[in-house]
1. Multiply the residue separation of B:PHE211 and B:ILE164 by 0.36 nm, subtract the distance between their alpha-carbon atoms, and state the gained length in nm to one decimal.
2. Defining a contact as two alpha carbons under 8 Å apart and six or more residues distant in sequence, what relative contact order in percent does segment A:5-225 show?
3. Pop a pseudo-label 7 angstrom from the Cα along the beta-carbon direction at both B:MET45 and B:MET112 and give the gap in nm to one decimal.
4. Find which of B:LEU123, B:SER213, B:GLY189 sits farthest along the positive direction of the dipole of chain B, computed with +1 on the beta-carbon of Lys and Arg, -1 on that of Asp and Glu, about the Cα centre.
5. Considering the options B:GLY91, B:HIS50, B:ILE255, tell which one lies farthest towards the positive end of the dipole of segment B:32-279, charges being +1 on Lys and Arg and -1 on Asp and Glu at the Cβ, about the Cα centre.
6. Other chains' Cβ within 10 Å of A:81-93 residues: what's the mean?
7. Out of B:ARG193, B:ARG119, B:ARG127, any idea which swings most in a Gaussian network model of chain B, alpha carbons joined below 10 Å?
8. Under a Cβ-only charge scheme (Lys and Arg +1, Asp and Glu -1), can you give me the dipole magnitude of chain A about the Cα centre, in debye to the nearest 20?
Amino acid sequence: MTATLAIEATGLGKSFGKTRAVDGVDLAVERGAVYGVLGPNGAGKTTTIRMLATLLRPDSGSARVLGHDIVTEADAVRGLVSLTGQLASVDDDLTGRENLILLGRLLGYRTKQARVRADELLAAFGLEEAAGRLVKNYSGGMRRRLDLAASIVVTPELMFLDEPTTGLDPRSRNQVWDIIRALAGMGTTVLLCTQYLDEADQLAGRIAVIDRGKVIAEGTPTSLKASVGGGALRVRLVDPGQRDEAARLLGRVLEAEPHLEADPSAFSVRIDDAERAADAVAELSGAGLGLAGFSLAQPSLDEVFLALTGHLAEDDDVEEAAA
Amino acid sequence: MSTAPEKTVPQAVADATLNAALSSSARPPRPSPLSAAKTFGWRGMLKIKHVPEQLIDVTLTPVLFLVMFTYLFGGAMSGSTSEYLQFILPGILVQSVLFTAVYSGVALNTDMTKGVVDRFRSLPIWRPAPLVGAVIGDSVRFAIASTIVVALGFALGFDAGGGIGGVLGAMLLVIVFSFALSWVFTTVGLLMRSPSAVMNTGFMALFPLVFLSNTLVDPSTLPSALEAFVNVNPVSSLVTAARGLMGGDASAEDIGLVLAEAGVLVAIFAPLTVRLYRGKS
């Protein structure tokens, strides 16, 4: 059988009681790429990843991972993938080194080989000094690095990463990103679940946007942005009393509906052609409307999300931890 | 909780070491079920090493029981403390080790709330390996608890009619029975919501079984209904066998009964635990 795709899911679904956590997800992930699954908390990302990693049985649809069915050939799938869960999947009561030796042995290394491999990974992930300390005393960034090291004791063909940078400071986040890039560079396929739009934008070659258990958009970050249209011109006035007048004016010039912001002296207007921004701003000054500032922004994935779902990519209070 | 300072600046992370580490991992053959279970047993040992607090209960409780009961009841029950010690030492051995078995369930329940279980479950290993390994690891705890009781018993003047062989045999029998009982508590551990609920349930269930037995008193002194219960209580049969082995007058029948009871517990509760563990997600 030729398995060209790393992940091929059709109509994958899972319910918990009355909650339809995943409601017919289709995915096609090429080998050797970082594929982003983007969505807010409770969108069904974790449930999807757990089904693909054979930890949960789907109750509808089917999926093949690296050519193997996730239900009937679960064991074969387990031999090819590794999972870094949302809670760091390491043992708090052991040292970092013991964690890696434990996994090495469980993957079939002899004790001595497992030790050598553990030390190699500790060095590569900058954890040599902390090797003998209990993981419960690690910082968030160190835990994540150990977690990633544990996932590549044997280099997997496909790696599931469930929100690998949630709760990390910017520096640790950059380190994790470097590791993910290096992994992808070595040819490992990475399925990256994230609720951070810039993370998906930075790492993933393709992105599936998932909301309420369904894939609502799929494509490259660029194509997703393009589907929303160009950027926006944001204007802030000296006198909030002039906002209505200024918004009307710019709306007419740029032929778009102005969006009044919460800030009473600010509004924004969609703009397809950045060239026209200068003219638009000049018109404002010409009309005697005092500008406090203006900026031209490219659409962020936040805006993509808003445009696609009609709501922001924030928590919508659906419990996914239980999934 | 203190977080360790991060001295190493792993900009080193994205460099040659990482690439080398990524490329140098040919997949070894899968471990056998036994080897996977042994590895989990080793994990249990490491936990004892790193969290020695959990051994305090195991070691202190038997010491307290033995000293208290011997000197508190000895004179009243048997006329002298030394004579009562002869009677209760095998019973205290049983009691101490059985209470330790509850921790198998507590540990499993604690484990299930941690992310590391997801990793174990996504590995290509024999699925019950984590459970079997943990329970095997717990047997080391049983061995520690029983050694303490027996050593203290000898220090207080216990005279083993069955000799060293008999004493070791009694310890082994108690450990085997507790291994079987562990599976009951791992089942409980997977059914309960929190570690403390497992602990409470376990102790609530064990207290009547341990005390309403022939551990501390001669059942013939009891009201007949209670005596009937005591006589069918599996703990009584274990105490009888252990007493026989240590005293040198064990009957094959008593020992056989204990082994049969242990076998029944494992036959029912080991598959049940494995089933619950698999379905848990």
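1. That works out to 14.2 nm of additional length.
2. Taking the mean separation of contacting Cα pairs over the length of segment A:5-225, I get 29 percent.
3. Here the answer is 2.8 nm between the modelled labels.
4. Positive-end residue among those listed: B:LEU123.
5. Value computed over the given set: B:HIS50.
6. Across A:81-93, the average partner-chain Cβ count within 10 Å equals 6.
7. With Cα springs under 10 Å in chain B, the top fluctuation among B:ARG193, B:ARG119, B:ARG127 is at B:ARG119.
8. 1220
Laboratory data are not the source of any read-out in this text; all were calculated from the coordinates shown. What you see is a predicted model; the values in this text were computed from it and never measured. Ideal geometry is used to build each Cβ from the backbone, glycine not excepted, and the neighbour counts take in all protein chains shown.
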